[in-house]
1. Give the share of C-alpha pairs in each 10 angstrom bin for segment 261-354, from 0 to the last occupied bin, in whole percents, shortest bins first.
2. So with the 1.4 Å probe, I'd like the accessible area per residue for the chain, rounded to whole Å².
3. To the nearest 0.05, how large is the calculated FRET efficiency for Ile391 and Arg198 if R₀ is 35 Å and r is the Cβ-Cβ distance?
4. Quantify, in whole percent, the carbon and sulfur part of the accessible surface of the chain (1.4 Å probe; protein heavy atoms only).
5. Relative to the present Cα-Cα distance, how much length would full extension add between Lys409 and Arg58 at 0.36 nm per residue of separation?
6. What dipole magnitude, in Debye to the nearest 20, does the chain give about its Cα centre under +1 on Lys/Arg Cβ and -1 on Asp/Glu Cβ?
7. Could you give the Stokes-Einstein D for the chain in µm² per second, using the C-alpha Kirkwood radius, 20 °C, 1.002 mPa s?
8. Measure out, as a whole number of angstrom, how far apart the alpha-carbon centroids of segment 140-218 and segment 40-86 sit.
Amino acid sequence: MTTLDLFAPEMRRRIHLRPGRDKALKNRHPWVFDGAIAREEGNRDAAIADVLSSEGVRLTSGFYSAKSQIRCRGISFSDDLTPESLRAKIATAVRARAHLLGGDTDSVRLVHSEGDGVSGLVADFYAGTLVVEITSAGLEKLRDFVVDALRDAARELAPVFAVMLENDLGARRLEGLSLVDEWIEGGEVGGERETLIRENGLRFVVQPGAGQKTGFFLDQRGNRAMVRAIARGRRVLNVFSYTGGFGVSAAAGGAATVEEVDVSAPAIVLARRNHELNPSGATLELVTADAFEHLRKRRAEGRAYDLVVVDPPAFAKSKGDVDRAARGYKDINLQAFNLVAPGGTLVTFSCSGHVSSDLFQKIVFSAAADARRDASIVRRLGAGEDHPVSIYCPEGEYLKGLVLRVGEKN
Ligand code: SAH
């Protein structure tokens, strides 16, 4: 049996929805939740399911997951899901990034799950290394096919030297899939491997599969360029720095001083290497510390900064977390406001999908009010265009940021 056989009708699961539960799919929302399902039949081990309304009309075909609350991720709505149509979706997604790759930038997200119509698939390209994340059991069964399609499409843009599957993901644990990262090409199993990438002309070390995300936060590319453009002569504090993406950009933009703060020692080691790779005139301070404590300490010392970047991890991992997360965002932004010199700038982010832009703005408002600082929004930020959000699946919108001009205390 080959992967292609898994597309055959007799190999598929058939999911029958309960009466009245077809609205989301008719609106082309791709997630079929178990609660909407009346019964299932056919191959339990299927890669692909056809989803039918209670009247027996096919609404979508997509990736099947017997164990997941999202039992099926709809991929094809009008037409059937075939190897050709899946390959075409992947190729279309990859080609849409062609203009982002050039002399200054050699790393992009090639496929962004629902935003590219392939729910459950993420692929990042790091200067020739393809890093793939598969978060659906059904899609996992098609992985050889998908990796081939990705590799072929990526090769139209740039040479591909290595392919790795980033498997150590919470979503995969829930699906009962392997959590062991795997180099399919160009690396050893379990081996540490580094890639040197270029973003907006700056160089960064990326260790695919290690650290956060697939190794680097490609979604912040445009926002780093913005920070670089406003950094000249400023004292910069980069909170939750990870490997120094914003700090290196600020230094390249002529910042006077750059302080990187992250709780992860390996991240700070890479931040140092990234600064070394991009020599600048900035005075550097690299700090391994808890951000909440460190910002309080800096305040007690009477420090001030002209530009503060706050880019925390997702504090809200689920809906139930939102209140606790809101308190976290409020506190860290309050501490940040306290450290911005009058006339300075705060660039603050939330990447929690469960915290809406509205809620995030309210949280930042309440932090500003508690700090008793004038603050005006000068810009709203989001993820870069290689992280598209499907109009049918607004849940895909996660990163939001505000650039604030911070005034006197009054
Ligand atoms: N701005 C970064 C990405 C930040 S990711 C970039 O552009 O690349 C979030 C980072 O927050 C991670 O590196 C993680 O190690 C760090 N982190 C999580 N909790 C923290 C805490 N309490 N204090 C300091 N850093 C923390």
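The values are calculated or read from the model by the stated rules, or taken from the named source; none is laboratory data. These numbers come from a predicted model, not from an experiment. FYI the Cβ positions are ideal-geometry reconstructions off the backbone, even for glycines, and counts take in every protein chain you see. Remember, those area values only see protein heavy atoms, side chains included, never the ligands or the DNA or RNA. Shrake-Rupley method; radii C 1.70, N 1.55, O 1.52, S 1.80 Å.
1. Answer for segment 261-354: a P(r) of 15, 40, 36, 9, 1 percent.
2. 42 Å²
3. 0.65
4. So the carbon and sulfur contribution to the accessible surface is 50 percent.
5. Working: separation 351, 0.36 × 351 = 126.36 nm, distance 6.08 nm.
Contour length minus Cα-Cα distance gives 120.3 nm.
6. Dipole size: approximately 1420 debye.
7. For the chosen part, D equals 95 µm²/s.
8. Centre-to-centre (Cα) distance: 27 Å.
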